[in-house]
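The values are calculated or read from the model by the stated rules, or taken from the named source; none is laboratory data. Bear in mind that the values here come from a model prediction, so they are computed numbers and not experimental data. We place every Cβ from the backbone using ideal geometry, glycine too, and count neighbours over all the protein chains shown. Areas reflect the complete protein model, heavy atoms only, side chains present, ligands, DNA and RNA absent. Shrake-Rupley method; radii C 1.70, N 1.55, O 1.52, S 1.80 Å.
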Amino acid sequence: MKIAFFEINDLEKKYIQNDLKGHKLFFSKEKINEVDLSLIENAEIISVFIYSNVNKKILSKLKKLKAIVTRSTGIDHIDAGACKKKKIKIYNVPDYGQNTVAEHTFALILSLSRKINKAYDQTTKGNFSLENLEGFDLKGKTLGIIGMGSIGRHVARIANGFEMEVVAYDPFPNKSLEKKFNFRYTSLRELLKNSDVVSLHCPYTKKNHHLINANNLKIMKKNSLLINTARGDLIDTPSLVKALSEKRIGGAGLDVLEGELLIKEEAELLSLHFPKKKLETLIEDHLLLTFDNVIITPHIAFYSEEALKRILNTALEDIQAIIKNKKCDGEVKI
Ligand code: NAI
């Protein structure tokens, strides 16, 4: 079978070549729109990332195309209507990193609760004093999870291991989860009022814009920690800076920052085509960098070897199923 891959790096290329031995493979680092399509006119499967715009024009040139496998969750870069008409199937990667993001959430929580970043700074300067490094136990503390979806549930599972009490707010509660993940639903107000650690795991939508703002930062416990591995625009940054300056909360662990809206999919950060300079400027602009009780990571909660392999493996499993004419979970209903 002739299979063409776009927006692929050298490591991914090697991995794919090993998995798809015996097939005619074409690889390009570029988006599909930048490639001479006569090179792949007989392709039966194409695999793309989100910067490839698979439009009518492209589809009309690929007469033998049966399937498009996108190595992303979103499919808005593919003309699904045109695919349906031409009976071309679309496959995506719905989940790849719930545990990965949950683990990073705890990396941020523990860095703050045990002052790891401060301690590291001190010891690299040869200072082994314990002054200012007293932390606090997670055992017995309350963790408030905002958004009890796939990632929120993994966070609850880990928190149970620390013997934390877990409460959650979600506008679409699923009561059957409470027993399974040992937590109880509460209102947003109660959650903010009672939690020692508040962690955001809901999507960004217009409705959720500045879900954490001046008003509800006031409700949070003094010394509580605010963790955000979801989306930066869920938090009103100037209000967070104010709350930190006035020592109204104990610290913040942020993997995402306000203004990052240009990121739709985490894997975009790995793409050649992502304007990384803009992110650097954004991070430089944030006053948050000046607090020693704030830890910022550059949107890496998804970025583990295993999560990246899961993206590629899911795409490859889908391709193997297409080759064998078998049904598979990755098929998107269009
Ligand atoms: P999910 O869709 O499984 O769960 C999201 C949950 O949030 C749902 O239960 C939904 O009902 C709830 N929700 C929606 N609006 C809410 C609100 N206003 N308050 C409280 N809950 C609300 O999503 P998943 O997979 O758990 O991911 C959560 C978010 O994490 C994603 O939307 C994404 O923005 C972010 N993310 C960040 C990554 C990173 O590398 N930093 C990697 C992957 C996801």
**Message:** Consider the stretch 22-43. How many of its residues are β-branched (V, I, T) and part of a loop (DSSP other than H, G, I, E, B)?
**Reply:** 1
**Request:** Give the residues of the stretch 289-327 that are open to solvent by less than 30 Å² (accessible area, probe 1.4 Å) and more than 16 Å from the ligand (Cβ to nearest atom), sorted by residue number.
**Result:** V294, L312, A315, L316, D318, I319, A321, I322
**Asked** Does T123 qualify as being assigned by TED's automatic domain parsing to the domain that holds K180, more than 16 Å from the ligand (Cβ to nearest atom), of a type in the set (S, T, N, Q) and open to solvent by less than 30 Å² (accessible area, probe 1.4 Å)?
**Response** no
**Request:** Can you run down the residue pairs with Cβ atoms below 8 Å, 6 or more apart or on separate chains, where the first is in the stretch 138-164 and over 19 Å from Y204 (Cα atoms) and the partner is open to solvent by 50 Å² or more (accessible area, probe 1.4 Å) and among the hydrophobic types (A, V, I, L, M, F, W, C)?
**Result:** L138/L110; L138/F162; K139/F162
**Fill in**
Scanning the stretch 160-176 for residues that are open to solvent by less than 60 Å² (accessible area, probe 1.4 Å), more than 13 Å from the ligand (Cβ to nearest atom) and more than 12 Å from V198 (Cα to Cα) gives N160, M164
**Residues of the stretch 43-64 satisfying the condition of being polar (S, T, N, Q) and either touching a Gly at 6+ places or on another chain (Cβ under 6 Å) or surrounded by 14 or more Cβ atoms within 10 Å (Cβ to Cβ) (or both)** = S47, S52, N53, N55
**Asked** Taking the stated definitions as given, is A252 more than 16 Å from the ligand (Cβ to nearest atom) and either open to solvent by less than 20 Å² (accessible area, probe 1.4 Å) or among the aromatic types (F, W, Y) (or both)?
**Response** no
**Item:** Residue, nearest to S239 (Cα to Cα), within the stretch 193-217, restricted to residues that are crowded, with 18+ Cβ neighbours inside 10 Å and more than 12 Å from the ligand (Cβ to nearest atom)
**Value:** L217
**Message:** Of the residues K222, K264, only one is more than 23 Å from E7 (Cα to Cα), out of contact with any helix residue (DSSP H, G or I) (no Cβ under 7 Å at 6 or more places or on another chain), open to solvent by 40 Å² or more (accessible area, probe 1.4 Å) and touching a residue at least 12 places away in the same chain (Cβ under 8 Å); which?
**Reply:** K222
**Prompt:** Among the residues of the stretch 128-144, how many are hydrophobic (A, V, I, L, M, F, W, C) and farther than 10 Å from D196 by Cβ?
**Reply:** 3
